[in-house]
Amino acid sequence: MRVAGLLLAAGRGRRFGGPKPLAELGGEPLVLRALGALTEGGCEPVHVVVGARSEAVRALLPRAAVAVHAADWTSGMGASLRAGLGSFHGLEPAPDALLVHLVDLPWVPAGVVARLAGYAGPSAVARACYRGTPGHPVVLGRRWWAEVAGATEGDRGARDWLAARPDLRLVECADLGSGADVDTRADLGVVE
């Protein structure tokens, strides 16, 4: 099973005070931390959707990561997801599934990615949950990419599409990490 990674890292981080991909935890930029979780968890290739401060984010990425610019990133996560899904169109060999991850989840380790990747397949729909609460990453089988791209809007990404799926598999991951996101610098332990 070929599982590619898609990292959404385009937002401006309004509440955070700047783009989150550039923020650091333990001296490591969040974009590299999330990228490491995807690659070490078995995703290949990995595409990183950029928008705000895109050149600064691109400068941090290793050569193996493919930067994808979401031209309409200011309209929300839906635009980033559409750009990311579109970046895999025509890729040969085509991945069987994508594992979609968010840059502001620094406590999602490679073990969570690997566990989710174990559920991947062309028709898969799965997402990590933490103590029963749905979170990220999310596995989207190739069969669903066009449908998901058509259903995304604003800042909700694929949330509504996923909520309507009777075949969605929730994969408990609290034993491996935390799905807590970073909204403010205080969440990283950074004094403003």
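The values are calculated or read from the model by the stated rules, or taken from the named source; none is laboratory data. Since the model is a prediction, treat every value here as computed from it, not as a measurement. With ideal geometry, Cβ positions are generated from the backbone for all residues, glycine too; neighbour counts draw on all protein chains shown. Accessible surface areas use protein heavy atoms only, side chains included; no ligands, DNA or RNA. Shrake-Rupley method; radii C 1.70, N 1.55, O 1.52, S 1.80 Å.
At a glance:
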{"quantity": "Mean Cα-pair separation over length for segment 1-152, i.e. relative contact order, pairs under 8 Å, 6 or more apart, %", "calculated": "28"}
{"quantity": "Total charge dipole magnitude, the chain, about the Cα centre, Cβ charges on Lys, Arg, Asp, Glu only, Debye to nearest 20", "calculated": "160"}
{"quantity": "Separation of alpha-carbon centers, segment 71-126 and segment 1-28, rounded to whole Å", "calculated": "13"}
{"quantity": "Length-normalised contact order of segment 103-162 in % [C-alpha pairs under 8 Å, at least 6 apart]", "calculated": "24"}
{"quantity": "For segment 73-81, 3J(HN,Hα) per residue [Karplus equation, 6.51 cos²θ - 1.76 cosθ + 1.60, θ = phi - 60°, Hz, x = Gly/Pro]", "calculated": "4, 5, 7, x, 4, x, 5, 5, 5"}
{"quantity": "Radius 11 Å from Cβ of A97, net charge of other residues (Lys, Arg +1; Asp, Glu -1)", "calculated": "+2"}
{"quantity": "Carbon/sulfur fraction of accessible area - segment 65-192, other protein chains in place, 1.4 Å, %", "calculated": "52"}
{"quantity": "Identified option (computed Rg and Dmax of the Cα atoms in Å; candidates (1) 16.2, 57; (2) 18.8, 64; (3) 15.1, 46)", "calculated": "(3)"}
{"quantity": "Accessible area (Å², per residue) of the chain, counting only protein heavy atoms and a probe of 1.4 Å", "calculated": "46"}
{"quantity": "Approximate spin-label separation R159-E40, in nm, with each point projected 7 Å along Cα-to-Cβ", "calculated": "3.0"}
{"quantity": "Whole-number percent relative contact order across segment 12-87, with pairs defined as alpha carbons under 8 Å at least 6 apart", "calculated": "25"}
